[in-house]
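This report refers to the structure that appears directly beneath it.
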Amino acid sequence: ACTNMLIASILLRFKPNELQLLLFSPENTKFEHYKTLPHLFMPIISDACKIPEALFRVVLEIEKRYQILAQSGVGTWNEYNRRQFVSELISDKMPILIVIISELAELQKTERREDAENYIARIAQIGASVGVHIVAVTQQPSCQTITGKIKVNLPTRIVFRVNHRCDSYILLDQEGAEKLLGMGDML
């Protein structure tokens, strides 16, 4: 529900020329109602084996955006878009790109899980400056799913009620999420 609310909120905020989405859901039906959106960076991915290649494409997009910024003489995505807006070259505006992975645990089941983890880290490390962001969701808070590399590079977290104190430690490095009511409240 939280993921769908996030997507709905950003769709209300951004026009198709201002936003691109890359959606990954191992359940074919979870994002089914978004498949015709004009905002999609590429078709919705439901096969976990295909996500490392899609993440690699996002890394290439980030590198391309850095080259565009360097050529235009500005330092950030916001500066670039403001400059383009002022000069009324709206078509050259760089859209925000948001990658949403609805079940991070599915990546751990693929042969290229290490590649996927490296791409997620790279996107999180350098993507924000060029308008690229990543949201990774899991219902399985384990050390195998939330690895050190992912945890370090995704410092902002939303955590709903978990079953065990150890799950709260994995996600937040502290207890507390196991004490939530579970009625949409979060840390």
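Things to note:
- Share of carbon and sulfur in the accessible heavy-atom surface of the chain [1.4 Å probe, %]: 53
- For Val99, the amide hydrogen comes within under 5 Å of the amide hydrogens of Leu22, His133, Ile134, Val135, counting only partners 5 or more places away or on other chains and with H modelled in the peptide plane.
- Computed from the C-alpha gyration tensor, the three semi-axes of the ellipsoid equivalent to the chain are 30, 18, 17 Å, from longest to shortest.
- Counting only protein heavy atoms and a 1.4 Å probe, the chain has 57 square angstrom of accessible area per residue.
- Zone residues, the stretch 125-158, relative to Ser72, backbone N less than 12 Å from point 7 Å out along Cα-to-Cβ: 130-131
- Relative contact order of the stretch 30-187, pairs being alpha-carbon contacts under 8 Å that are 6 or more residues apart, as %: 19
- Partner lysines for Lys149 [C-alpha distance under 30 Å; skip if fewer than 8 residues away on the same chain]: Lys30, Lys50, Lys64, Lys109, Lys179
- Counting only Cα atoms, the stretch 68-160 measures 49, 27, 20 Å along its principal axes, largest extent leading.
The values are calculated or read from the model by the stated rules, or taken from the named source; none is laboratory data. Here the structure is a predicted model, which means the values were calculated and not measured. Don't worry about glycine lacking a Cβ; one is built from the backbone with ideal geometry, like all the others, and counts go over all protein chains shown. Accessible surface is based on the protein model in full, side chains and every heavy atom, while ligands, DNA and RNA are left aside. Shrake-Rupley method; radii C 1.70, N 1.55, O 1.52, S 1.80 Å.
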